[in-house]
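S.K.: Quick one: this structure, given as structure tokens, is what I'll be asking you about.
The values are calculated or read from the model by the stated rules, or taken from the named source; none is laboratory data. Every value quoted in this text rests on a predicted model; they were computed, and no experiment measured them. Glycine also receives a Cβ, built like all others from the backbone with ideal geometry; neighbour counts cover every protein chain displayed. Accessible surface areas use protein heavy atoms only, side chains included; no ligands, DNA or RNA. Shrake-Rupley method; radii C 1.70, N 1.55, O 1.52, S 1.80 Å.
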Amino acid sequence: MPLTLQQLLMRLTLVPVLVAGIIGFIRYRHLPLNLRYLAGLVWFVLPIEILGLVLLILHRNNLFLMPIYMVGETALLGLVYRHTLQSRFFNRLMPWVVGGFALYAVADTLWAENLTRFRPGQQVLQAVLVLGFVGLYFRKLLNELQVPHPTREPMFWVSTGLFIYFLGYLQIALFSNYLLHYSRQLNHNIWAVHSLLYVVLHGCFSYALWLRPQK
């Protein structure tokens with residue numbers, strides 16, 4: 001039976017993650033600390049993505065992986081931006097933000113009647129937090145004006161990819177359960193868009209890991 005477009009896109013999302021992981025492995029010794037944490041994020045995501053894809057192919061629900069994925073991703077992105085921003089305020093705030101999000105994700109998951117149901121609250125909160133990290137980076141970039149060519153700066157691409165992905169994902173998380181009741185086909189189409197956003201995100205990660213930072 002041929003795959004639908006959505007099924008094909010969901011399977012292809014593993015490719016850019018694998019590419020980013022390979023680039024991170026090749027370039028790891030030459031990366032600054034913030035990008036080493038980014039490489040660590042990709043390596044953390046890769047086995048979860050593989051397990052999720054296997055469960056999908058076996059027609060098993062894989063949503064129970066989401067809290068693990070989101071807490072780990074948020075913590076590692078916090079470390080990426082901690083070593084990028086070099087801000088005392090962010091350094092003090094970051095453990096509380098990540099710890100609070102982890103507690104919320106655990107509580108929300110444990111109180112759920114069905115662990116295999118999509119929990120949009122966790123996704124919305126994570127998207128807001130990560131967009132906050134990205135906003136602080138762009139604010140620093142504009143205020144200091146020390147980067148003559150932003151497009152040659154790896155963290156510019158990391159932040160651009162995160163901004164595009166999480167801005168789109170925020171809309172999907174807010175309306176996905178409603179769209180499922182409204183139209184299953186429309187819901188599938190929206191998640192196909194999510195797959196494209198995910199490819200863009202890890203394409204930006206791959207380029208950032210390959211790009212040599214400006215001196």
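S.K.: By per-residue mean of other Cβ atoms within 10 Å, what is the highest-first order of 198-210, 22-34?
M.R.: Details: 198-210: 21.2, 22-34: 14.8.
Going by the mean number of other Cβ atoms within 10 Å, highest first, we get 198-210, 22-34.
S.K.: Measuring with a 1.4 Å probe in the full set of protein chains, what accessible area per residue, in whole Å², belongs to the chain? Don't jump to the answer; show the numbers that get you there.
M.R.: Details: 12280 Å² over 215 residues.
On a per-residue basis, 57 Å².
S.K.: Let me ask another. Hey, any idea what % of the chain's accessible area is carbon plus sulfur with a 1.4 Å probe? Show your work: numbers first, answer last.
M.R.: Working: 8340 of 12280 Å².
Summing carbon and sulfur atoms, their accessible area is 68 percent of the total for the chain.
S.K.: Another one. With the alpha-carbon atoms as the only input, what is the per residue convex hull volume for region 1-72 in Å³?
M.R.: Working: hull volume 6.5 nm³, N = 72.
It is 91 Å³ per residue.
S.K.: Heavy atoms of the protein only, probe of 1.4 Å, neighbouring chains included. What is the accessible area of Met70 in Å², nearest 10?
M.R.: Its heavy atoms expose roughly 0 Å² to the probe.
S.K.: Here's a follow-up. Which one, Tyr198, Phe44, Tyr169, is farthest towards the positive end of the dipole of the chain when Lys and Arg carry +1 and Asp and Glu -1 on their Cβ?
M.R.: Phe44
S.K.: When you have a sec, figure out the Kirkwood radius of the chain from all distinct Cα pair distances and drop it here in Å to one decimal? Walk me through the numbers before you get to the answer.
M.R.: On the way: mean 1/r = 0.0552 Å⁻¹.
Radius from the Kirkwood sum: 18.1 Å.
S.K.: Same structure again: Would you mind getting me the FRET efficiency between Leu12 and Thr109? Use the beta-carbon distance for r and R0 = 41 Å, nearest 0.05. The partial results should precede the final answer.
M.R.: Working: r = 28 Å, r/R0 = 0.69.
Between Leu12 and Thr109 the formula returns 0.90.
S.K.: Say the dipole of the chain comes from +1 at the beta carbon of Lys and Arg and -1 at that of Asp and Glu; which of Leu35, Met10, Tyr104 then lies farthest toward its positive end?
M.R.: Leu35
S.K.: Can you figure out the FRET efficiency of Leu141 with Phe64, using R₀ = 45 Å and their beta-carbon distance, to the nearest 0.05?
M.R.: Details: r = 38 Å, r/R0 = 0.84.
After rounding, the FRET efficiency stands at 0.75.
S.K.: Hey, another quick one. For labels at Ile22 and Phe175 in the simple 7 Å Cα→Cβ model, what's the distance in nm?
M.R.: Spacing of the two 7 Å Cα→Cβ label points: 3.7 nm.
S.K.: Listed highest first by mean packing, meaning other Cβ atoms within 10 Å per residue, what order do 99-111, 126-138 come in? Numbers along the way, then the final one.
M.R.: Details: 99-111: 13.6, 126-138: 18.7.
By packing density, highest mean first, the sequence is 126-138, 99-111.
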